[in-house]
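Here's the structure, in structure tokens; my notes come after.
Every number here is computed from the coordinates shown, using simple stated rules; none is lab data. Because the structure is a prediction, the values reported are computed rather than measured. Cβ: placed from backbone, ideal geometry, glycine included. Neighbour counts: every protein chain shown.
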Amino acid sequence: MSLGKSSGASVEMGECTRNPSYREADSDGPAAAAAAGRSSPEPAAKRLSSDAGQEYLQIQPYAGMPKEVLLRYSSQARYRVTREVLFWLTVACTLALVGITIAVIALSPGCLGWWQGSPVYQVYPRSFKDSDGDGIGDLRGIRQQLDHFLYLNIKSVWISPFYRSPMKDFGYDVEDFREIDPIFGTMHDFEELLADMHNKGLKLIMDFIPNHTSDRHRWFNLSRTRDPYYENFYVWTNCNATHPKPNNWVSIFGNSSWTYDEVRGQCYLHQFLKEQPDLNFRNPDVMKEMIDIVKFWLDKGVDGFRMDAVKHILEAEHLRDEPQVDPNKPPELVTTEWDLHSDYTTSQVGLHDLLRTFRAEIDNYSREPGRYRFMVTESYDYDEVWKTMMYYSTSLVRESDFPFNFYLLDLPHNKSGLWAKELVNLWMSNMPKGKWPNWVVGNHDRPRISTSAGPDKVRVINMLLLTLPGTATTYYGEEIGMQNINITDSQIQDPAGKYNSSLSRDPERSPMQWNDDVNAGFSSGANSTWLPVHPNYRTLNVEAQMQDDTSVLAQYRFLNRLRSSELPLNRGWFCYVHADAQVFSYLREFDGLQRAYLMVMNFGEKSAVTDLSSFPEFPERLKVLISTSHQNSGREFPKSQILTEPGEGLMIRYSTDTRFNPNHQGECYISEKACYLEFIDILYKC
């Protein structure tokens, strides 16, 4: 067996190796001559084995070599050192890559959430789009118009209530939180709408009404009959049937907030309509039921909630009279919320604990990657802005992502640059450090900005809305400058308007103006729409403005797309620059990025020349990227003479290596500081 193995090795070496430098093993080489001259030749087997061994010692490494050759040469220094160098180089590179990855992750600022990267667009479903011709908007109608949001680069859509409801307050009086009102469609319609929205990259924010239900809700009917479980689901107190006023509390819609119920023989509290009885959140079973409702919709896949009228959720248990604003006013003349200091009916101790409980449940559904669930609170706190700020989350406990900021709704009260700055600064100076601001200039409860401020101010207000830091909220139709309608007393639908026609909110709820067809393209039916369409719809509509590069819609779309793509606008510094009787000016910049955006906006009634020559950070000449007066787009101004007309806004883009914020720290704000490293195109904390 040894002889056969040696022979095989000798044949393999001879046939597979061509090594002319080594001839000793060949028959005609020196080794063969020496062997021939020996007096006593070795046995053949021994000689063959010796030849093979010598051949292994002399052969050079080659591709496909047998293990014996490989092992013999692999331990040589020139191969071993090379191998070890490559090994440790690989280890070092791997460790370096891991270290760089960890450093990038540790130093990178957090990504913006979907609720930060896009305006929130409010849809009032009765007025957005009617799909079945009954004159009332519905869920299928919204679904038909989803491409409108994509055209505007909108990612977040808030839809006002569509729960089953008697419609005494158009959906804010909920009869069943788990059902869709037939006016708007079916649950299947909702599920299809939600699926289509998600397929298009859109997020759906629902209205949630925790303070009250409809008086036709099953809970209320069981509570008034004193069902053991539901008996204390609402706020009841003893009262006299002929004088049902346990105290002087007044409803938001006027008159007493107490109504006597003949079935139960007590009064129930309603801070809104008498058909909207307040839930008793001091009963833990109420909170449990409402949490289950939140989970029901989260399981459906909704992306967030707007929590309605949250400051009214709790009332003082003692039910004492509230202090009058005018102590000398006769008590019988106290009939509106403005007559009282709402010390016992709003913002009570324990309110924020309830909201944080809602938030904790919502956060349970945010653990899935890419499925963050959003929460925003609504609370009109007027001059008590500090109360609004308490709805923000803290480092220790989560509440709302932000509370709605309604202060820009007051812009029309004083048309000046100083007033615009004051309203912006009211929020920015009171907002907790590191929090995310937001801005609202219109909604279903307030007159349209085009009417209250004037059509000439629509463009500049939209420019303000989309270039301030934080999240903008756009009420449907504001992107085209829709105006309030005029209605007669016989046309009033709003319960507030039926109590006092001057308080009607119908004018800002008119049907969306899509085109110049019948009913402005809102409804194809022959029936009249639930509210009249504005007569200017033939010229002021979406379709017409899409064809006009200088329209309100075109400007809105341009600014929103720019905002989403430019770091200074979506997460950069915000710095006050100048304010006077006409002009409000501010800057958006980002550390490490040479581009910056200077905003100069005329909110006054006169032309103005703004002199910014005292700021060395600005170049001597400034070029307008876009003006609300399109003829001035592309125009250049010396920084000492920036001319604006009334209602005109300028966005000026310039390049500089000099940052503005280090020299004006008291005038600058940022939610999360970050820097841009241009040569490798990354953001990092700085």
> Once the Cα atoms of helix 417-428 and of the chain are each reduced to a long axis, what angle between those two axes, in degrees from 0 to 90 to the nearest 10, is obtained?
Replying inline: 60 degrees
> Residues with amide H under 5 Å of THR474's amide H, sequence separation 5 or more or different chain, H placed in the peptide plane at 1.01 Å from N; which?
Replying inline: VAL120, TYR121, GLN122
>> Need one number: % antiparallel among DSSP beta bridges in the range 557-679, to the nearest 5.
In response: 95 percent
> What share of all Cα pairs of the range 570-684, in percent, falls into each consecutive 5 Å distance bin?
Replying inline: 2, 12, 22, 24, 18, 12, 7, 3, 1, 0
>> 5 Å is the cut-off here: which amide hydrogens, built 1.01 Å from N in the peptide plane, fall below it relative to TYR163, excluding neighbours closer than 5 in sequence?
In response: ASP181
>> Please list, in order along the range 308-316, the HN-Hα scalar couplings obtained from phi with the Karplus expression 6.51 cos²θ - 1.76 cosθ + 1.60 (θ = phi - 60°), rounded to whole Hz, x for Gly and Pro.
In response: 7, 6, 5, 5, 8, 4, 10, 10, 5
> So what are the ³J(HN,Hα) numbers for the range 394-402, from phi and the Karplus equation (6.51, -1.76, 1.60; θ = phi - 60°), rounded to whole Hz, Gly and Pro as x?
Replying inline: 10, 5, 9, 8, 8, 9, 8, 5, 6
> Antiparallel DSSP bridges in the chain: what percent, to the nearest 5?
Replying inline: 65 percent
>> 5 Å is the cut-off here: which amide hydrogens, built 1.01 Å from N in the peptide plane, fall below it relative to THR259, excluding neighbours closer than 5 in sequence?
In response: TYR268, HIS270
> Which value in deg cm²/dmol, rounded to the nearest 500, describes the helix-derived mean residue ellipticity at 222 nm for the chain, given -39,500 (n - 2.57) per DSSP H run of n ≥ 4 and division by the residue count?
Replying inline: -9000 deg cm²/dmol
> Picking from ASN527, PRO331, TYR475, whose Cα lies most toward the positive end of the charge dipole for the chain (charges on Cβ: Lys, Arg +1; Asp, Glu -1)?
Replying inline: TYR475
>> In whole Hz and in residue order, list the ³J(HN,Hα) couplings for the range 94-109 that follow from phi through the Karplus curve 6.51 cos²θ - 1.76 cosθ + 1.60, θ = phi - 60°; x for Gly and Pro.
In response: 5, 5, 5, 5, 4, x, 5, 4, 4, 5, 5, 5, 5, 8, 6, x
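For the range 220-347, what number results from the quotient of the Cα radius of gyration and 2.2 N^0.38 Å? Show your work: numbers first, answer last.
Details: Rg = 16.2 Å, N = 128, 2.2 N^0.38 = 13.9 Å.
Taking the Cα Rg and dividing by 2.2 N^0.38 Å, one obtains 1.16.
Roughly how big is the range 159-232's charge dipole about its Cα centre, with Cβ charges of +1 (Lys, Arg) and -1 (Asp, Glu), in debye to the nearest 20? Intermediate values should be presented prior to the final figure.
Numbers: 9 positive and 14 negative charges, 35 e Å.
About 160 debye.
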> Taking only Cα atoms, what is the 0 to 90° angle, nearest 10, from helix 2-16's long axis to the longest principal axis of the chain?
Replying inline: 70 degrees
> Suppose every K and R has +1 on its Cβ and every D and E has -1 on its Cβ; what is the size of the dipole of the chain about the Cα centre, in Debye to the nearest 20?
Replying inline: 2480 debye
>> For the pairs LYS387/LYS498; LYS203/LYS300; LYS311/LYS415; LYS421/LYS457, flag any whose C-alpha to C-alpha distance is greater than 20 Å.
In response: LYS387/LYS498; LYS311/LYS415
> Counting Lys and Arg as +1 and Asp and Glu as -1, what is the net charge of the other residues whose Cβ lies under 10 Å from the Cβ of ASP339?
Replying inline: -2
>> Give me log10 I(q)/I(0) at q = 0.28 Å⁻¹ for the range 286-337, Debye formula, one equal scatterer per alpha-carbon, no solvent.
In response: -1.19
>> How would TRP158, TRP436 line up from fewest to most surrounding beta-carbon atoms within 10 angstrom?
In response: TRP436, TRP158
>> Charges on Cβ only, +1 for Lys and Arg, -1 for Asp and Glu, centred on the Cα centroid of the range 442-599; of ASN515, ALA544, PRO568, which one is farthest towards the dipole's positive end?
In response: PRO568
>> I'd like the distance between the alpha-carbon centres of the range 440-489 and the range 492-540, rounded to an integer number of Å.
In response: 16 Å
> So for the chain, Kirkwood radius off the Cα pairs, Stokes-Einstein at 10 °C and 1.306 mPa s: how many µm² s⁻¹?
Replying inline: 53 µm²/s
> When we measure straight from the Cα of LYS673, which aspartates and glutamates land under 12 angstrom away, once same-chain ones fewer than 8 places off are left out?
Replying inline: GLU589, ASP591
>> Show me the ranking of peptides 256-268, 571-583 by mean Cβ neighbours inside 10 Å, starting with the highest.
In response: 571-583, 256-268
> Among 506-516, 328-338, what's the highest-first ranking by average C-beta atoms within 10 angstrom per residue?
Replying inline: 506-516, 328-338
>> Taking 8 Å as the Cα distance limit and 6 or more residues as the minimum spacing, I'd like the relative contact order of the chain as a percentage.
In response: 10 percent
> What is the helix-to-structure angle for 44-58, meaning the angle in degrees between its Cα long axis and the longest Cα principal axis of the chain, kept from 0 to 90 and rounded to the nearest 10?
Replying inline: 50 degrees
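Cβ neighbours within 10 Å, averaged per peptide: list 66-76, 126-136, 528-538, 464-474 in order, most packed at the top.
Values: 66-76: 11.2, 126-136: 20.4, 528-538: 17.9, 464-474: 22.7.
Peptide ranking by packing, descending: 464-474, 126-136, 528-538, 66-76.
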